[in-house]
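**Q** Below is a structure I'd like to ask you about.
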Amino acid sequence: MNQDQLQQSLAQVKQAVADGKLSSTAAENIRAWLSEPRYAAYAKEVAETIAAGKWQVLDDVFWTVIPFGTGGRRGKMYPFGSNAINDRTIGESAQGLADYVKDTLGSSAQLSCAIGYDTRHRSDHFARLCAEIMTAAGFTVYFLNGYRATPELSFTVREKKCSCGIMVTASHNPPSDNAVKVYWSTGGQILPPHDKGIIERVMNTQEIRRANFDDMLAAGKIIYCQDEIDPKFQAAVLTQATPGPRELKVIYSPLHGVGATAVIPVLKANGFIDVELFALHAKADGDFPNVPGHVANPENPAVFDSIIERARAAGADIAVATDPDCDRIGCAAPVTFSKDAPWRTLSGNQLCGLLADYVLETRRAAGKVSPQSFIVTTLVTTKLVHRIGDSYGVRTIDDLLVGFKWIAQAIDEYGPEHFLYGTEESHGYMAGTYARDKDGAVASMLLCELAARLKAERQTLHQKLEALFWQHGVHEERTVSVQMPGSEGMARMKEVMAAFRAGPPTELAGDRVAQIRDYERQTVTKTGGQPQPLAGPKGDLVFLDLATEGNYVACRPSGTEPKIKFYMFTYTPPEQLSNLELAKSQLIARLDRMEADLRKFAGV
């Protein structure tokens, strides 16, 4: 692009801002992509889009610089733009990671990086790009060639003793999105202080240096390792198996993702021979064509509608689904054993409790529970997990921020040899120490073991959950996500969080707000009192504790998507229970009122 064309494009951008068609921040980023040498490869296409007057497109992809958060970069794909996933933003991520790791470990170290990818559009392309950048920086790359699960990438980092790892996936996001998740040598996603160091390098990357993928493969600097890693990963998952009944008919859906490479081999090796791959979701397809709304999220009960239909027709006992990168699971099961019993999905929190009890029961029976044993969860996960932990005499670490990286950190901090189980409310579960991330394969295996054992005792998963409620009290939770896309949404998220801090509601669902816990300011303030120090992690998370025991709400902006999340918790202690169904319906009604009050307060 010559100087006259540049000036013409810049003038059009200036006029678009004056006309209110383009935000000033978008204009600033567009100017950089038009004029700075590091963006020269994209300037022509940016100029053509300006000439076509596609101002909404330009504002969407340029209004901010897509953040490299504490796990990586995630967003919509577009060929160019500072707020989009493309070769430039992915390349900056890999280059920044390479530069930071080299500086931290020293250029004389034996540097290596594991790389994997899922079934999303362009995932394989971005994975190859990352491999070219890492090898150009002097790293040996262990490349999982073909679709693989995110926990297998975490395992590979540990198995090959890599300096770092990269997984190309946007998890359960829409088909338009992609991302990179970045891992440290522990196999866990990056944590302080490395997160800030990598982010700084990513945001200041000028030149992206690439080698040729095929040349590096021929030279042995890129090593295809899937044939070695697959059986080792599956064997590692199977170390968490417990002998017992295996008579169970399973309908399994990978939701068009990678899960069939991990879940089905593990289940079959563990003795579950009656496993049917759900045909409608079997094909690896980044469009997720047969999933409601094309969003392959096992948290969404509607995802199970067609799976349940098949399960009923096939006489199945359980339906299990994993998200596209197979690090989270969802489940549906019949409520009772009667022939025409309805099927219901289980929430992430309900699965947290069921699996916690199963892991602790089986480990205790095997003599693997000691006073030093511990389980791990987060601040926004059901307290049922903690109460179950107490009943088995193990320590529960549950004062963690949202994100499995904090669970991974706790495993190493408190001793992997004493770790039994980690979980979070967003359908993530982990047992064993072969990886440092949640794993859909091990969770599916444990859940099927539990369902088979219960079937042999003529009990369903739902009935087992009710038994836990009788023992530990009824726990009903709800998570509400409010989408807030674009620059206006980001500003609105900040306003909502500020409102919860400055002037929160005085009551919710007719229950008085007794105190406010602010983990960003690290203060706890009783209603009418002065702020006091709050022990715990620092993060953008606000809790409103209600006067009734075990009832509270939390509010936080998502760290990976343009939305704000409300977490609601209700509880009836076991000593107050006389009618379980009545208690459950009362708590659900309370959640309805909580949600209505929260939405009214936040204006959403």
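**Q** Just a yes or no: is a residue in the range 389-402 under 21 Å from Cys331 (Cβ atoms) and crowded, with 22+ Cβ neighbours inside 10 Å?
**A** Restricting attention to the range 389-402, the residues satisfying the condition of being under 21 Å from Cys331 (Cβ atoms) are none.
No, the range 389-402 contains no residue that is under 21 Å from Cys331 (Cβ atoms) and crowded, with 22+ Cβ neighbours inside 10 Å.
**Q** Here is a further query. Mind counting the residues in the range 335-377 that are under 25 Å from Pro243 (Cα atoms), basic (Lys, Arg) and part of a loop (DSSP other than H, G, I, E, B)?
**A** Selection size over the range 335-377: 1.
**Q** Kindly indicate whether any position in the range 309-319 is touching a Ser or Thr at 6+ places or on another chain (Cβ under 8 Å), among the aliphatic types (A, V, I, L, M), farther than 20 Å from Asp118 by Cβ and buried (at least 17 other Cβ atoms within 10 Å of the Cβ). Walk me through how you get there before you give the answer.
**A** Residues of the range 309-319 that are touching a Ser or Thr at 6+ places or on another chain (Cβ under 8 Å), as a first pass: 319.
If we keep only those that are among the aliphatic types (A, V, I, L, M) too, we end up with 319.
When the remaining residues are screened for being farther than 20 Å from Asp118 by Cβ, the result is 319.
Imposing the further condition that a residue be buried (at least 17 other Cβ atoms within 10 Å of the Cβ) reduces the set to 319.
Checked the range 309-319: at least one residue is touching a Ser or Thr at 6+ places or on another chain (Cβ under 8 Å), among the aliphatic types (A, V, I, L, M), farther than 20 Å from Asp118 by Cβ and buried (at least 17 other Cβ atoms within 10 Å of the Cβ).
**Q** Arg436: of a type in the set (Lys, Arg), in contact (Cβ under 8 Å) with a residue 12 or more places away in the chain, in contact with a helix residue (DSSP H, G or I) (Cβ under 7 Å, 6 or more places away or on another chain) and open to solvent by 30 Å² or more (accessible area, probe 1.4 Å), yes or no?
**A** Details: of a type in the set (Lys, Arg): yes; in contact (Cβ under 8 Å) with a residue 12 or more places away in the chain: yes; in contact with a helix residue (DSSP H, G or I) (Cβ under 7 Å, 6 or more places away or on another chain): yes; open to solvent by 30 Å² or more (accessible area, probe 1.4 Å): no.
Considered against the rule, which asks whether it is of a type in the set (Lys, Arg), in contact (Cβ under 8 Å) with a residue 12 or more places away in the chain, in contact with a helix residue (DSSP H, G or I) (Cβ under 7 Å, 6 or more places away or on another chain) and open to solvent by 30 Å² or more (accessible area, probe 1.4 Å), Arg436 comes out as no.
**Q** So which residues in the range 508-524 are in contact (Cβ under 8 Å) with a residue 24 or more places away in the chain, open to solvent by 30 Å² or more (accessible area, probe 1.4 Å) and either assigned to a loop (DSSP other than H, G, I, E, B) or among the hydroxyl-bearing types (Ser, Thr, Tyr) (or both), if there are any at all?
**A** Matches in the range 508-524: Gly510 only.
**Q** Looking at (1) surrounded by fewer than 22 Cβ atoms within 10 Å (Cβ to Cβ); (2) at pLDDT below 95, which is the only condition Asp87 fails?
**A** Checking Asp87 against (1) surrounded by fewer than 22 Cβ atoms within 10 Å (Cβ to Cβ); (2) at pLDDT below 95, the one that fails is (2).
**Q** Here are some conditions: (1) surrounded by fewer than 20 Cβ atoms within 10 Å (Cβ to Cβ); (2) among the aliphatic types (A, V, I, L, M); (3) part of a helix (DSSP H, G or I). Val480 meets all but one. Which one does it not meet?
**A** Here Val480 clears every test but (3).
**Q** Here's another thing I want to ask about it. In this structure, is Gln240 polar (S, T, N, Q), buried (at least 23 other Cβ atoms within 10 Å of the Cβ) and under 22 Å from Lys160 (Cα atoms)?
**A** Values: polar (S, T, N, Q): yes; buried (at least 23 other Cβ atoms within 10 Å of the Cβ): yes; under 22 Å from Lys160 (Cα atoms): yes.
Yes; evaluated as a whole, the condition is true for this residue.
**Q** Related question: Among what's in the range 332-390 and is over 29 Å from the mean Cα position of the chain (by Cα) and closer than 23 Å to Ala311 by Cα, pick the residue that is modelled with the lowest pLDDT.
**A** Result: Lys339.
**Q** What pairs can you find where one residue is in the range 378-399 and in a strand (DSSP E or B), the other is of a type in the set (D, E, K, R), and their Cβ atoms are less than 8 Å apart, with a gap of 6+ or different chains?
**A** What qualifies is Thr396/Asp390.
**Q** Kindly provide the set of residues from the range 146-175 that are outside any loop (DSSP other than H, G, I, E, B) and either polar (S, T, N, Q) or under 16 Å from the mean Cα position of the chain (by Cα) (or both), ordered by number. Reasoning before the result, please.
**A** Kept after step one, since they are outside any loop (DSSP other than H, G, I, E, B), are these residues of the range 146-175: 150-159, 164-168.
Once the filter is applied, which keeps residues that are outside any loop (DSSP other than H, G, I, E, B) and either polar (S, T, N, Q) or under 16 Å from the mean Cα position of the chain (by Cα) (or both), the range 146-175 yields Thr150, Pro151, Glu152, Leu153, Ser154, Thr156, Ile166, Met167, Val168.
**Q** Moving to a separate point now. If you scan the range 412-427, which residues turn out to be over 16 Å from the mean Cα position of the chain (by Cα), under 21 Å from Gly165 (Cβ atoms) and buried (at least 21 other Cβ atoms within 10 Å of the Cβ)? Even if it seems obvious, please write down each step before you answer.
**A** Taking the range 412-427 first, the residues over 16 Å from the mean Cα position of the chain (by Cα) are 412-421.
Narrowing further to those that are under 21 Å from Gly165 (Cβ atoms): 412-413, 416, 419.
Answer for the range 412-427, where residues must be over 16 Å from the mean Cα position of the chain (by Cα), under 21 Å from Gly165 (Cβ atoms) and buried (at least 21 other Cβ atoms within 10 Å of the Cβ): just Phe419.
**Q** Answer yes or no as to whether Ala32 is open to solvent by 40 Å² or more (accessible area, probe 1.4 Å), under 27 Å from Asn178 (Cβ atoms), small (Gly, Ala, Ser) and modelled with pLDDT of 95 or more. Give the derivation first.
**A** Working: open to solvent by 40 Å² or more (accessible area, probe 1.4 Å): no; under 27 Å from Asn178 (Cβ atoms): yes; small (Gly, Ala, Ser): yes; modelled with pLDDT of 95 or more: yes.
No; evaluated as a whole, the condition is false for this residue.
**Q** Same structure again: State yes or no: is Ala131 at negative phi, open to solvent by 30 Å² or more (accessible area, probe 1.4 Å) and in contact (Cβ under 8 Å) with a residue 40 or more places away in the chain? Step through it out loud before you land on a result.
**A** Details: at negative phi: yes; open to solvent by 30 Å² or more (accessible area, probe 1.4 Å): no; in contact (Cβ under 8 Å) with a residue 40 or more places away in the chain: yes.
For Ala131, the condition - at negative phi, open to solvent by 30 Å² or more (accessible area, probe 1.4 Å) and in contact (Cβ under 8 Å) with a residue 40 or more places away in the chain - is not met.
**Q** Here is a list: Lys221, Lys196. Which entry is of a type outside the set (Asp, Glu), open to solvent by 50 Å² or more (accessible area, probe 1.4 Å) and modelled with pLDDT of 95 or more?
**A** After ruling out the rest, the residue left standing is Lys221.
**Q** Of the numbered conditions (1) at pLDDT 95 or above; (2) of a type in the set (S, T, N, Q); (3) under 26 Å from the mean Cα position of the chain (by Cα), Asn579 fails exactly one; give the number of that condition.
**A** Result: Asn579 passes all but (3).
**Q** Hey, another quick one. Pick from the range 177-193 the residues that are part of a loop (DSSP other than H, G, I, E, B) and either open to solvent by less than 10 Å² (accessible area, probe 1.4 Å) or in contact with a Phe, Trp or Tyr (Cβ under 9 Å, 6 or more places away or on another chain) (or both): which of them is modelled with the lowest pLDDT? Don't jump to the end; show me each part of the working.
**A** Going residue by residue through the range 177-193, those that are part of a loop (DSSP other than H, G, I, E, B) are 185-188, 190-193.
When the remaining residues are screened for being either open to solvent by less than 10 Å² (accessible area, probe 1.4 Å) or in contact with a Phe, Trp or Tyr (Cβ under 9 Å, 6 or more places away or on another chain) (or both), the result is 187-188, 190-191.
On the way: Gly187: 97, Gly188: 96, Ile190: 93, Leu191: 90.
Checking each candidate, the answer is Leu191.
**Q** Okay, moving on. If you check Gly528, Gly550, which single one turns out to be outside any strand (DSSP E or B), in contact with a His (Cβ under 9 Å, 6 or more places away or on another chain) and either open to solvent by less than 40 Å² (accessible area, probe 1.4 Å) or more than 13 Å from Met497 (Cα to Cα) (or both)? Before the answer, list the steps.
**A** Numbers: Gly528 fails: in contact with a His (Cβ under 9 Å, 6 or more places away or on another chain).
That would be Gly550, the only listed residue that is outside any strand (DSSP E or B), in contact with a His (Cβ under 9 Å, 6 or more places away or on another chain) and either open to solvent by less than 40 Å² (accessible area, probe 1.4 Å) or more than 13 Å from Met497 (Cα to Cα) (or both).
**Q** Something else: What single numbered condition from (1) closer than 30 Å to Val263 by Cβ; (2) in contact (Cβ under 8 Å) with a residue 40 or more places away in the chain fails to hold for Gly91?
**A** Here Gly91 clears every test but (1).
**Q** Hey, another quick one. Output the residues belonging to the range 577-591 that are surrounded by fewer than 17 Cβ atoms within 10 Å (Cβ to Cβ) and in contact (Cβ under 8 Å) with a residue 40 or more places away in the chain. Break it down into steps so the answer makes sense when it comes.
**A** Here is the first cut: in the range 577-591, the residues surrounded by fewer than 17 Cβ atoms within 10 Å (Cβ to Cβ) are 577-582, 585-586, 588-589.
Correct list: Leu577, Leu580, Ile588.
The values are calculated or read from the model by the stated rules, or taken from the named source; none is laboratory data. Note that the coordinates shown come from a computational prediction; the quantities given were computed from them, not determined experimentally. So basically every Cβ, Gly included, is an ideal-geometry build from the backbone, and we count neighbours across all protein chains shown. Accessible surface is based on the protein model in full, side chains and every heavy atom, while ligands, DNA and RNA are left aside. Shrake-Rupley method; radii C 1.70, N 1.55, O 1.52, S 1.80 Å.
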